[in-house]
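Input: a single structure, listed below in structure tokens.
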Amino acid sequence: MKPDLERRMRCVEDELAIRALAARFSDCANERDFCGFADLWSAKAIWEIGPPLPAKAQGVDAIVDMLRRLLTPQKMFMQMTHSGVVTIAGDRATARFVERERGKGEDGSGAPTFYENLAVYNDELIREADGKWRFGHRIYVYRFLDDSAYSGRVFPVTGGMTGTSNDAARKIGVET
């Protein structure tokens with residue numbers, strides 16, 4: 001294969017891997033797949049959520065614990081990753097993805113809570129020694145937040161037909 005074609009193919013593969021990483025982030029959060037979520041981060045990664053609901057964690061264990069805390073009061077939570085832009089420079093990359101989230105839960109007293117927002121993730125990514133892209137730093141920036149009541153029924157997370165997203169990938173022979 002010609003060197004230029006190899007370089008271009010590698011760039012396409014890298015961008016697809018980064019987009020898949022962002023999609024897996026949402027899938028793991030939606031399905032409460034904490035093991036899969038842990039695999040998305042570099043060892044010293046930082047995850048930040050900005051105002052008006054700030055939170056921050058550094059290191060994989062702290063990041064997974066933060067996700068658990070965020071999801072605990074939610075009976076229903078869905079994050080949808082939309083369009084994104086990716087810039088790759090060797091084994092480093094930056095990306096920005098548009099997000100929409102919707103949640104319904106209870107506060108400490110059992111009163112219903114509602115959550116709907118639009119936001120942007122600003123990402124710094126690292127290709128690690130195993131060849132996988134992982135988040136090095138992920139910052140969530142709110143653009144819209146609505147906590148007013150809405151109607152609708154909530155259905156529990158069941159893990160789908162195949163379990164976690166990594167289980168589904170392994171079932172069809174894809175390395176995770």
Study note, to complete from the structure: Selection from region 19-31 of residues touching a residue at least 40 places away in the same chain (Cβ under 8 Å) and either outside any helix (DSSP H, G or I) or small (G, A, S) (or both) yields A22, A23, S26, A29
Review point. In region 12-43, which residues are among the acidic types (D, E) and out of contact with any strand residue (DSSP E or B) (no Cβ under 6 Å at 6 or more places or on another chain)?
Key: E13, D27, E31, D33, D39
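Suppose we filter V120, V98, V86 for residues that are surrounded by 13 or more Cβ atoms within 10 Å (Cβ to Cβ), touching a helix residue (DSSP H, G or I) at 6+ places or on another chain (Cβ under 6 Å), β-branched (V, I, T) and on the phi < 0 side of the Ramachandran plot; which single one remains?
Only one candidate passes the filter, namely V86.
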Check your understanding: Quick one: would you say L16 is modelled with pLDDT of 95 or more and assigned to a helix (DSSP H, G or I)?
Key -> yes
Review point. Does region 96-114 include one or more residues that are at pLDDT 95 or above, touching a strand residue (DSSP E or B) at 6+ places or on another chain (Cβ under 9 Å), among the polar types (S, T, N, Q) and closer than 20 Å to Y150 by Cβ?
Key: no
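Does region 56-82 hold any residues that are in a strand (DSSP E or B), more than 16 Å from G105 (Cβ to Cβ) and either in contact with a helix residue (DSSP H, G or I) (Cβ under 6 Å, 6 or more places away or on another chain) or of a type in the set (G, A, S) (or both), and which are they?
A57, T81
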Review point. Given (1) more than 16 Å from L125 (Cβ to Cβ); (2) surrounded by 16 or more Cβ atoms within 10 Å (Cβ to Cβ); (3) in contact (Cβ under 8 Å) with a residue 24 or more places away in the chain; (4) out of contact with any Pro (no Cβ under 8 Å at 6 or more places or on another chain), where does M66 come up short, assuming only one miss?
Key: (3)
Review point. Out of (1) touching a residue at least 12 places away in the same chain (Cβ under 8 Å); (2) assigned to a helix (DSSP H, G or I); (3) farther than 17 Å from G103 by Cβ, the odd one out for M9 is which?
Key: (1)
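So which residues in region 105-158 are of a type in the set (V, I, T), part of a strand (DSSP E or B) and farther than 21 Å from G50 by Cα, if there are any at all?
Within region 105-158, I126 is the sole residue that qualifies.
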Point to revise | Yes/no for V64 being within 26 Å of A149 (Cβ to Cβ) and under 12 Å from the mean Cα position of the chain (by Cα) | key: no
Review point. Which ones in region 141-166 are among the polar types (S, T, N, Q) and at pLDDT 80 or above?
Key: S148, S151
Point to revise | Breaking point among (1) of a type outside the set (D, E, K, R); (2) in a strand (DSSP E or B); (3) within 15 Å of V157 (Cβ to Cβ), for A43 | key: (3)
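The values are calculated or read from the model by the stated rules, or taken from the named source; none is laboratory data. Please read these numbers as outputs of a predicted model, since none were measured by experiment. Cβ sites come from the backbone with ideal geometry, for glycine too, and all protein chains shown count toward neighbours.
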